[in-house]
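K.L.:
Got a structure for you, questions after.
The values are calculated or read from the model by the stated rules, or taken from the named source; none is laboratory data. Only a predicted model underlies this, so the values are computations on that prediction, with no experimental measurement involved. Glycine gets a Cβ as well: all are built from the backbone with ideal geometry, and neighbour counts include every protein chain shown. The accessibility values were calculated without ligands, DNA or RNA, using every heavy atom of the protein model including side chains. Shrake-Rupley method; radii C 1.70, N 1.55, O 1.52, S 1.80 Å.
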Amino acid sequence: QVKLCVRIGFNRPGEPRSPPLLRRRSSTQFQGASVALVCDRLDLSTTFKKLRSWITDSAKMKTSVAAALALCCSAETSFVMEPPVIRAAAIDVQSRIFNGSTAVWFDLICVICFAVGAYAFQASQAQKSSIVDSGFSAAPAKKLKESTDCESEASPAAQSEPVKVAKRMATTSDEDTGGASTKGLTPPWANSSKPKAVTDSTAKKTRTRSAKPGRGPSEQHRRWNQRIVEATRSEEILEIVEEADTQLNAVNLATAVHRIAKWSKKGPSSSRSNIAWRQLLGLIRVNADSFSAQGFANVFWALGTVHVDCAMEDQLLDSLATGMMRIMDQFNPQALTTVAWGMATMEYNNSVLGQAIKEACFKQLESFNQQDLANAAWALTSLGVSDDALLDRIADISALLIPSFKPQETANLMWAFAVAKRAHKELMDAVVAQVAESPDSLSSQALSNIAWSFAKLGKHDKELCKNIAAGASGRMRWFSPPELSKLLWAFATMEYRDDALMESAVMAAGKLADQFTPQLLSNTVWAMGTLKYSNSAVLDKLARAASTRKDSFAPQAAANLLWGYAVLGHRSNSLFKKFADTITPRLGEFTPTTLVTTVWAFAVAGVPIASLHAAFESRIIAKAKQFTVLEKDALIRALKKLDYVKPAILKALSD
């Protein structure tokens, strides 16, 4: 006999994590089904027999029933995470139950709800025997909600990194985690905000590690924590830190730094608050060996959220890393990915800790939900510690679960694989199908990042481009300059031209021209040239913006910009002359390919500049042996157009 006690996210202190399948549905849906359909008593052996008969009699129900059977087995034994194939089938069960006919799935609903009830009952029994009343909270980690926006730019030679987003989905918990508001104008379909910490350490009864070895949390520690939790401003918390100083234990410190990060995304501003902030960081460093796994996650989340300079805080971060290594086996998936997110956001590259987190993640991958998978891939790739084995395993699991990934999670996942240059056919096919299903639900950030990832991985999927174009064309006003430029670059790289998209994107680029960086200007003009899409008014605006920033262009960016104007036949003598003055003394920085592109652009544009031609001659002779046969041929034809074919150049290129 098992009494039904369905509680989605049944995560009380001391209990194992509830499976992702249960967390993905709202409690209302499960409880509604359970009240109507679940008996108070169910015989497990009879249920198994019926399931087996279904599998035998109806092949079409095989995977769904197998998922239900796995859940029942998990509930009967001490819950073992079902393998990825069963997890994928379990998600299919959910969609059928709540989107199809309840009459057809009556028995299956009973089985699933029974499994949930059995699991919750067993967890509650475990809770009674395991929870230690310590007076402090160390509840299982809550999910990260979102990540930071830290985009770099893409160029045809050196593409950009997509927005570093480490979004996490929320779960039910007894703790308050705090969050962050979205910056700037955000469309209704976009879910962009900073990630939430795993959880606050508030004054509730759970197990925790004490601030000092051999000394448990006192009533005074509980009072400090309560005051920190009830504070409404970061300044209030810093005043408490000044007052209590060394009396604060590890839980107090983790709660304080998390709360401050929750309200002050850039850290304290006033001089007095800054002194107290430094005092708090110093206390964290001193107590670095006393934090629990959850405490470490909260601290790293907070430091990443306020963008702590890891160069200035190297001693603090190294102390935290040393403390983490001692209890690495106590970290759950949320805590692992939260720490990794904080490290990546701060660009704190500790190879020993990074490798340890990677190995811990690999061991627990079967327990990762969709958000964990996306976050792990993004953070570990950002830290440069991901490897082929880890990414392949993440891809194998994610390919089955992609239908239940949120768009931003998919974008984060694909970004990681693109940066790692690791293509995975099944995963990419699943992403194409997800985008095709609802392109309008993807944010501007997700659209541009997914397109960029496929372009960088060399997967030129016309169906994907068609659906992304359909989802983006009418929403260009929501695209930021990096997103807009990245999308155009991706479509040009995949050689896919959609006139409706190009018209709206190019017009939007004209409006944002003054906000474009040199790299974004180069990418945009290069994409227009590659796709043979010209708009004189917009090109004039982009030329004016580029002229004012000409000294900031990298050699490759300058070459691609000039190439785009040349191939479009847009005469802008002023632009070419200004860039000639800039690049002449810098030709020594140009690679052979960049040099060929630049010479060709000036030749096609028909802008003769004697001083630049002489510089071209010396540079071509110096690099003659590094040119390919095709590059040599292109150089000779370009120099003929410029009427500058010198015997010395021909001799150097023919040797």
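K.L.:
Name the residue that is surrounded by the most Cβ atoms within 10 Å (Cβ to Cβ), counting only residues in region 307-333 that are among the acidic types (Asp, Glu) and under 18 Å from Gln279 (Cβ atoms).
P.N.:
Glu313
K.L.:
A further question follows. Is it the case that region 458-465 has a residue that's closer than 19 Å to Glu437 by Cα, in contact with a helix residue (DSSP H, G or I) (Cβ under 9 Å, 6 or more places away or on another chain) and of a type in the set (A, V, I, L, M, F, W, C)?
P.N.:
Within region 458-465, one or more residues are closer than 19 Å to Glu437 by Cα, in contact with a helix residue (DSSP H, G or I) (Cβ under 9 Å, 6 or more places away or on another chain) and of a type in the set (A, V, I, L, M, F, W, C).
K.L.:
Return yes when Leu561 is open to solvent by less than 30 Å² (accessible area, probe 1.4 Å), under 30 Å from Pro439 (Cα atoms), touching a residue at least 40 places away in the same chain (Cβ under 8 Å) and not basic (Lys, Arg) and no when it is not. Walk me through it before giving the result.
P.N.:
Working: open to solvent by less than 30 Å² (accessible area, probe 1.4 Å): yes; under 30 Å from Pro439 (Cα atoms): no; touching a residue at least 40 places away in the same chain (Cβ under 8 Å): yes; not basic (Lys, Arg): yes.
No.
K.L.:
Which number in (1) at pLDDT 85 or above; (2) open to solvent by 50 Å² or more (accessible area, probe 1.4 Å) marks the one condition that Arg272 misses?
P.N.:
(1)
K.L.:
Considering every residue within region 367-386, establish whether at least one is surrounded by fewer than 24 Cβ atoms within 10 Å (Cβ to Cβ) and among the charged types (D, E, K, R).
P.N.:
no
K.L.:
Within region 340-356, track down each residue that is surrounded by fewer than 24 Cβ atoms within 10 Å (Cβ to Cβ) and assigned to a helix (DSSP H, G or I).
P.N.:
Within region 340-356, Met346, Ser351, Val352, Leu353, Gly354, Gln355, Ala356 qualify.
K.L.:
Can you give me the number of residues within region 219-234 that are under 20 Å from Ser264 (Cβ atoms) and either of a type in the set (Lys, Arg) or in contact with a Gly (Cβ under 7 Å, 6 or more places away or on another chain) (or both)?
P.N.:
Summing the residues that are under 20 Å from Ser264 (Cβ atoms) and either of a type in the set (Lys, Arg) or in contact with a Gly (Cβ under 7 Å, 6 or more places away or on another chain) (or both) in region 219-234 gives 2.
K.L.:
Exactly one of these conditions fails for Lys363: (1) over 18 Å from the mean Cα position of the chain (by Cα); (2) open to solvent by 30 Å² or more (accessible area, probe 1.4 Å); (3) closer than 14 Å to Asp318 by Cα. Give me its number.
P.N.:
Going through the list (1) over 18 Å from the mean Cα position of the chain (by Cα); (2) open to solvent by 30 Å² or more (accessible area, probe 1.4 Å); (3) closer than 14 Å to Asp318 by Cα, Lys363 breaks only (3).
K.L.:
State the number of residues belonging to region 599-614 that are surrounded by fewer than 18 Cβ atoms within 10 Å (Cβ to Cβ) and of a type in the set (Gly, Ala, Ser).
P.N.:
Number satisfying all stated conditions: 4.
K.L.:
Right, here's the next one. All but one of (1) open to solvent by 20 Å² or more (accessible area, probe 1.4 Å); (2) among the aliphatic types (A, V, I, L, M); (3) modelled with pLDDT of 95 or more hold for Ala455; which doesn't?
P.N.:
The single condition Ala455 does not satisfy is (1).
K.L.:
If you take the residues in region 466-525 that are open to solvent by 40 Å² or more (accessible area, probe 1.4 Å) and among the aromatic types (Phe, Trp, Tyr), which one is nearest to Val431 (Cα to Cα)?
P.N.:
Among residues in region 466-525 that are open to solvent by 40 Å² or more (accessible area, probe 1.4 Å) and among the aromatic types (Phe, Trp, Tyr), the one nearest to Val431 (Cα to Cα) is Tyr496.
K.L.:
Another question, then. Tell me, which residue of region 414-434 that is small (Gly, Ala, Ser) and outside any helix (DSSP H, G or I) is least open to solvent (accessible area, probe 1.4 Å)?
P.N.:
Only one residue fits best here, namely Ala420.
K.L.:
Is one or more of the residues making up region 616-632 within 13 Å of Val596 (Cα to Cα) and aromatic (Phe, Trp, Tyr)?
P.N.:
Yes, there is a match, as at least one residue in region 616-632 is within 13 Å of Val596 (Cα to Cα) and aromatic (Phe, Trp, Tyr).
K.L.:
Here's something else I'd like to know. Pick out, from region 437-546, the helices (runs of 4 or more DSSP H) lying fully within it that include 2 or more residues that are of a type in the set (D, E, K, R).
P.N.:
462-472, 481-493, 499-511
K.L.:
Kindly indicate the residue of region 624-648 that is assigned to a loop (DSSP other than H, G, I, E, B) and at pLDDT 90 or above and also most open to solvent (accessible area, probe 1.4 Å) among those meeting that condition.
P.N.:
The selected residue is Thr628.
K.L.:
I'd like to check something: does region 572-582 contain any residue that is outside any helix (DSSP H, G or I) and aromatic (Phe, Trp, Tyr)?
P.N.:
Taking every residue of region 572-582 in turn, none turns out to be outside any helix (DSSP H, G or I) and aromatic (Phe, Trp, Tyr).
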